[in-house]
Amino acid sequence: MKSLLSGNEAVARGAYEHGVQVATGYPGTPSSEIMEHVARYEEIYAEWSTNEKVAMDAAIGAAYAGKRSMVAMKSVGMNVAADSFFYAVYTGVRAGLVIVAADDPGMFSSQNEQDNRQYARFAKMPVLEPSDSQEAKDFMGAALDLSEEWDTPVLLRTVMRISHSASPVELGARTADDGTSTEAFLRDPHRLVCTCVWAKHQHPVIEERLKRLSEFANSYALNRLEWGNRDLGIVAGGAAYSYAREVFPDASFLKLGMSYPLPFDLIRELSDGVDELLIVEELDPFLEEQIKAEGIECRGKDIFPAYGELTPAIIEKHAAEAGLLAKEQVKGARDLPLPDLPGRSPIFCPGCPHRSTFYVLGNKMDETIVTGGIGCYNLGALSPFDATDTMGAMGASIGVAHGLDIADIPDPFMAVIGDSSFFHAGIPPLLNIVHNGGNSNVVILDNRTTAMTGHQDHPGVAETLRGEPARKIEIEDVVRACGVVDVHVVDAFDISGIEKTYQKALAFDGPSVVIVEGPCYFVGSGPEGAYVVDTEACIACGTCFELGCPAIKHARELNEKTGRKKAEIDPVLCVGCDMCAQVCPVEAISAPPGAEERG
């Protein structure tokens, strides 16, 4: 039976069909849906872990115990998990262990454009790259088999277009003995204890394994020569193969399913059989550099950019400029007229609990330097708030604030971090501040979910990925356990209270933490009913627009003195959060009838 699946759904289906028993991960676009679909299969234990390293270690432990395992994350998650999968290459894994990393060419939802094939080469483990949803499912099985045959983790690299595009997939049955209980742990410290005394003996083994894997790659079924016109030969894999195949339908191809280690015999065979060899790959010249290092002439990044997606239109454009295609042939062929629509900046949703914090920091406390991080709250850097001054990575806001403190900047400063980010990577830097006698101020925005990536759970949520009840870890308890004495808890929808609390925290001599509590509208039972503007009372001062709420818009009515448009509220978008009424200087905004009773 066939079904239309996205790449992420297909990866999850592959985990199910090929006997994965343990799956862990941390949410991040474009990978988030993988774990959400895995969780639908009762045969697989699935969890959102606290961060990618924790997820990686848990999957490694399950593989040590003989369970086929998978860990899923987005591109930058590999940076967090790296410490662990590096040691797993040395120890080996016993049962199959697959790391699914979803890269993001084009930076649609990431702070960089890293190419995680480099990690495979760095850690010395194989990497497979599917080109469509069918391969995403099938390659999961191939990766698990490779992992067990070669006793190493295997990286399954997807990209955004593979993750989110859908294509037909042939479904199969699950092949796993789920009824057998786990055997007693097989103790082998000389192998599994990755200390320098023992691990150094594994390095020669790993190097020898890579040589044998490279030889194996020449006959591996996932790598195949597709002979066509002998004028041009193309080496490509993953999404880039599909793009290149569309632009050069008559060319000869070496389709790489395994992109590390490389099948150099097949590459030489293609090179010897064509007039010109072209390497088409997204982001880094990963394949090109290795192929040139083998003395094989080829072209690649001298034609195609090392940034952004290599869509068919991009490939076609640059190929024509390089003389590989006739310019007359491609001129305007893929040009699509852009719709005549106004631009729209990302903005907080109506009723977002983060809005109050950035309204205060951007309008009432704009002298305060704000170090930020990844999540919905990163939108505080944009207009109309313009409040955030730095943003780098999960948990970085607290560490950067400590650096500002060490540098003794004269400005007041605060670190802002979300609840999921705090559990992910915010606790160690907070401990560091306390231990080293720092004087930083930290704001933890607790909206009771991992909102930006799709409302996944974290330790501060009372249910797991499967929706089962879980013990909720109170952030205030964790903060106090870190040694912070000055701790404040404030309602996210109380603008005046937030400003007073932030000022109080800044005045404290020592580390201070403010926990701003207010649920994301999509997971909480927030207020309901649209607020209304009394246009007679409205003076068109524009204060309410400084909240950046999509529900607040310009009315047709004008202020007679200034000629400025007054405000009105869209009843479809407004969720009744009350912030606009709090900031209106003339009390022209009021609650809808009966709002108090709805409470």
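The values are calculated or read from the model by the stated rules, or taken from the named source; none is laboratory data. Since the structure is predicted, the reported quantities are computational estimates derived from the model, not experimental observations. Heads up, the Cβs are rebuilt from the backbone with ideal geometry, glycines too, and the neighbour counts pull from every protein chain shown. Accessible surface is based on the protein model in full, side chains and every heavy atom, while ligands, DNA and RNA are left aside. Shrake-Rupley method; radii C 1.70, N 1.55, O 1.52, S 1.80 Å.
Numbers for the structure displayed
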{"quantity": "Protection-proxy order for peptides 91-97, 1-7, each taking the mean of Cβ atoms within 10 Å per residue, highest first", "calculated": "91-97, 1-7"}
{"quantity": "Carbon + sulfur, % of accessible area of the chain - ligands and nucleic acids excluded, 1.4 Å", "calculated": "52 percent"}
{"quantity": "Accessible area in the full protein assembly, largest first, 1.4 Å probe, for Val485, Val280", "calculated": "Val485, Val280"}
{"quantity": "Net +/- balance of residues flanking Glu226 in space, Cβ distance below 10 Å, scoring K and R +1, D and E -1", "calculated": "+3"}
{"quantity": "Å² per residue, accessible surface of the chain at 1.4 Å", "calculated": "43 Å²"}
{"quantity": "Cβ-defined net charge surrounding Glu215, 15 Å radius [Lys, Arg +1; Asp, Glu -1]", "calculated": "-2"}
{"quantity": "Global geometry of segment 437-565, whether rounded, prolate or oblate, following the gyration tensor of its Cα atoms and the 1.5 cut on a/c", "calculated": "oblate"}
{"quantity": "Per residue Cα convex hull volume in Å³ - calculated over the chain", "calculated": "201 Å³"}
{"quantity": "Amide H partners (placed H, <5 Å) of Tyr260, local residues excluded", "calculated": "Val127"}
{"quantity": "Residue-by-residue Karplus 3J(HN,Hα) for segment 20-25, coefficients 6.51, -1.76, 1.60, Hz, glycine and proline x", "calculated": "4, 10, 9, 9, 10, x"}
{"quantity": "Rounded accessible area of Arg230 (nearest 10 Å², 1.4 Å probe)", "calculated": "120 Å²"}
{"quantity": "By average C-beta atoms within 10 angstrom, highest first, the peptides 540-548, 139-147, 163-171", "calculated": "139-147, 540-548, 163-171"}
{"quantity": "Rounded to the nearest 20 debye, dipole of the chain from Cβ charges on Lys, Arg, Asp, Glu", "calculated": "460 debye"}
{"quantity": "Cut-off under 5 Å, modelled amide H: who pairs with Gly576 long-range", "calculated": "Tyr531"}
{"quantity": "In order through segment 482-491: 3J(HN,Hα) via Karplus (6.51 cos²θ - 1.76 cosθ + 1.60), integer Hz, x for Gly, Pro", "calculated": "6, x, 6, 8, 8, 10, 10, 10, 9, 6"}
{"quantity": "Helical contribution to [θ] at 222 nm, DSSP H n ≥ 4, -39,500 (n - 2.57), averaged over the chain, rounded to 500", "calculated": "-9500 deg cm²/dmol"}
{"quantity": "Förster radius 60 Å - calculated FRET efficiency between Ala326 and Asn559, Cβ distance, rounded to 0.05", "calculated": "0.45"}
{"quantity": "Listed residue pairs exceeding 23 Å between alpha carbons, taken from Lys124/Lys292; Lys504/Lys553; Lys500/Lys566", "calculated": "Lys504/Lys553; Lys500/Lys566"}
{"quantity": "Separation between Cα centres of segment 42-118 and segment 278-302, rounded to whole Å", "calculated": "27 Å"}
{"quantity": "Under 5 Å, built H, 5+ apart or other chain: amide partners of Val514", "calculated": "Val442, Val443, Ile444, His488"}
{"quantity": "Heavy-atom accessible area ranking, 1.4 Å probe, most first, across Trp227, Trp198, Trp150", "calculated": "Trp227, Trp198, Trp150"}
{"quantity": "Accessible surface ranking that places the most exposed of Lys137, Lys561, Lys200, Lys364 first, with a 1.4 angstrom probe", "calculated": "Lys561, Lys200, Lys364, Lys137"}
{"quantity": "Cα-based radius of gyration of segment 446-507 once divided by 2.2 N^0.38 Å, which approximates compact folds", "calculated": "1.37"}
{"quantity": "Within segment 38-137, chymotrypsin sites (Phe, Trp or Tyr not before Pro) in DSSP loop having at most 15 other beta-carbon neighbours inside 10 Å", "calculated": "Phe108"}
{"quantity": "Label point distance in nm, Asn218-Ala306, each placed 7 Å from Cα along Cα→Cβ", "calculated": "3.0 nm"}
{"quantity": "Under 14 Å, Cβ to Cβ, from Met56 - net charge with Lys/Arg +1 and Asp/Glu -1", "calculated": "-2"}
{"quantity": "Value of Rg to Rh for segment 388-437 (Rh from inverse mean 1/r over Cα pairs, i.e. Kirkwood)", "calculated": "0.95"}
